[in-house]
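These notes concern the structure reproduced below.
The values are calculated or read from the model by the stated rules, or taken from the named source; none is laboratory data. This structure is a prediction, so every number in the text was calculated from the model and none was measured. Using ideal geometry, Cβ is built from the backbone for each residue, glycine included, and neighbour counts are taken over all protein chains shown.
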């Protein structure tokens, strides 16, 4: 699969920092976009960009934490590498709890910054690939009939064919037929495969509790 070239968004109100970081990242082959204020970056339409943000913690108007909260509120998962002129344990902890990828103190060592950016981009890629797999799993689940989905629920929650048949008011032979169709549609060949697929879709616990309707789960 071909992925778009990563973008490193650099947000800092100090022109000298923007210039230095941009030069470093461009020399490493990154696609860099510069923003001289938090407001400028927050007004930029980040939709599906792949990469990370190198973000100054202390800026006039909106702080780095404000920007982080804005991204989270928009459902955007770009990893953030924070830069700060002074170490602040409380602020660092808050940033990390919100999902910050790293927290570096200025003046930043070039090698340290490049490593942090590389790690953040790798994290972003991993998250995107996981989301893509989850979407594909849910698409496959959407091909199941309501009865097949009920059988799927029972199978991944550990019930035997005989138990499933009793609970669904049918015979074991019918459950075996449905189970075979489920495995064929979901492109797996074992019970372990079904369970892994349910976990990737984030529905394993739902299947176990059996509380929601079929259409709520697959849409």
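When residue 19 is tested against the conditions (1) in a helix (DSSP H, G or I); (2) within 23 Å of residue 122 (Cα to Cα), the lone failure is (2). Figure legend. Inter-residue proximity from the range 186-201: first residues at negative phi, second residues part of a loop (DSSP other than H, G, I, E, B), beta-carbon distance below 7 Å, spacing 6+ or different chains. Indicated pairs: 194/186; 194/188; 197/186; 197/188. Restricting attention to the range 153-166, report how many residues are part of a helix (DSSP H, G or I) and out of contact with any helix residue (DSSP H, G or I) (no Cβ under 7 Å at 6 or more places or on another chain). Qualifying residue count, the range 153-166: 2. Of the strands (runs of 3 or more DSSP E) lying entirely inside the range 29-103, those containing at least 3 residues that are surrounded by 13 or more Cβ atoms within 10 Å (Cβ to Cβ), touching a residue at least 40 places away in the same chain (Cβ under 8 Å) and in the same structural domain as residue 128 (by TED's automatic domain parsing) are 51-56.
Taking the conditions exactly as written (surrounded by fewer than 20 Cβ atoms within 10 Å (Cβ to Cβ), within 30 Å of residue 194 (Cβ to Cβ), assigned by TED's automatic domain parsing to the domain that holds residue 16 and under 28 Å from the mean Cα position of the chain (by Cα)), does residue 111 satisfy them or not? Let's see the steps before the verdict.
Values: surrounded by fewer than 20 Cβ atoms within 10 Å (Cβ to Cβ): yes; within 30 Å of residue 194 (Cβ to Cβ): no; assigned by TED's automatic domain parsing to the domain that holds residue 16: yes; under 28 Å from the mean Cα position of the chain (by Cα): yes.
In short, no.
Against the list (1) out of contact with any strand residue (DSSP E or B) (no Cβ under 9 Å at 6 or more places or on another chain); (2) under 28 Å from residue 27 (Cα atoms), the condition residue 106 fails is (1). Taking the range 107-131 as the range and being in a helix (DSSP H, G or I), free of Cβ contacts under 8 Å to residues at least 60 places away in the same chain and more than 16 Å from residue 78 (Cβ to Cβ) as the test, the residues that pass are 111, 112, 115. There is no residue in the range 119-139 that is in the same structural domain as residue 54 (by TED's automatic domain parsing), surrounded by fewer than 20 Cβ atoms within 10 Å (Cβ to Cβ) and more than 24 Å from the chain's Cα centre (by Cα).
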